[in-house]
Amino acid sequence: MKFVVLTIFPEMINPFLENGMLRLAVERGIIDARALNIRDYAEGKHRVTDDKPYGGGCGMVMKPEPLSRAIGAASEIAPTARRILLTPQGRPFDQAMAQDFAASDGLIFICGRYEGVDERICQGMVDEEVSIGDYVMTGGELAAMVIVDAVTRLLPGVLGGDESAEKDSFSGGLLEHAHYTRPSVFDGEGVPDVLMSGNHAEIEKWRRETSLIRTFLKRPDLLEQREFSREEKHVLTEWCRRIEDLVG
Ligand code: 4GX
């Protein structure tokens, strides 16, 4: 999987590629990730990448020519990669999109600064616009790193097998169950008995149940489109009954 990040701040991207899971994925040859400096594709003594907006107004716009050449260079490195523009106007990034991206063979990220990029780049040289959330950052670099991170951990051979990724938050559309480790008592709080029981069937059942209930309590929006299994319906009905008993 190839990742190319186009930015005027490549020094923001490089330390991220040199640490933790990303570094491991690079070392194992699972990903090939690099940042290209858009400024290297700008002309003139000052290598200017931005200009004043036509029609006036405050702020600057990224000039099309350097971006166009940078996208051309990225496409030579990763010819079949999808070209993604990071912008608050894009389709909201989620786990399903991460899975879709993980099945592609490359991604090119265009990181805008200032007020944005010339519309002719958005129209002509971008495959999709993606947003990581409804807030405004100073540039697309953090958004590109968020996506590289979420996609890389889904690739086979990055996490312990691809099993842990599968069981994780959001696979199956639910939040993860609670985790505990030693000591067995911390700050006067113990650990649920079932986890100490050694009964793996009961442990898995408890994990499925707490995963469903905590999704209902913390992120009910995630359950709106969901089809429930027989066991899940039973769990929810049982909690419903317990609450009714409590209220009287
Ligand atoms: N999710 N930003 C991009 C400049 C910009 C504006 C419009 C292209 C078109 C963001 C987000 C985000 C701030 C990145 C504005 N570039 N990116 N930048 N939220 O806030 O992805």
Quick calc, Ala73 & Asp221: beta-carbon distance into FRET formula, R0 45 Å, rounding 0.05, result 0.65
Calculate, in nm to one decimal, what Arg39 and Thr138 gain on full extension: separation in residues at 0.36 nm each, minus their alpha carbon distance. 33.9 nm
Net dipole in debye of the range 5-151 [+1 Lys, Arg Cβ; -1 Asp, Glu Cβ; about Cα centre; nearest 20]: 320
Among all stretches of the chain without exposed trypsin sites (Lys or Arg not before Pro) (DSSP loop, at most 16 other Cβ atoms within 10 Å), which one is longest? 48-225
Note down the nm distance, to one decimal, between modelled labels 7 Å out along Cα→Cβ at Gln123 and at Ser104. 2.2
Run the numbers for Trp239 and Lys52: contour at 0.36 nm per residue of separation, minus the present Cα-Cα distance, in nm. 61.3 nm
Taking square-rooted eigenvalues a ≥ b ≥ c of the alpha carbon gyration tensor, is the range 185-247 rounded, prolate or oblate, where a/c under 1.5 means rounded and, failing that, a/b exceeding b/c means prolate? prolate
Which lysines, on any chain, are close to Lys205 with Cα under 18 Å apart, when same-chain ones fewer than 8 places away are left out? Lys167, Lys233
Could you calculate the contour length gain from Ile213 to Arg28, that is, 0.36 nm times the residue separation minus the distance between their Cα atoms, to one decimal place in nm? 62.8 nm
Expressed to two decimals, the range 2-154 has a Cα Rg over Rh, using the Kirkwood radius, of 0.96
Please find the FRET efficiency linking Met196 to Val146, where r is the Cβ-Cβ separation and R0 is fixed at 45 Å, and quote it to the nearest 0.05. 0.75
Where in the range 131-158 is the amide nitrogen less than 16 Å from a point lying 7 Å along the Cα-to-Cβ axis of Ser229? none
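Throughout, read-outs are computed from the coordinates displayed, never taken from laboratory work. All of these numbers come straight from a predicted model, not from anything done at the bench. Neighbour counts run over all protein chains shown; Cβ positions are idealised from the backbone, glycine included.
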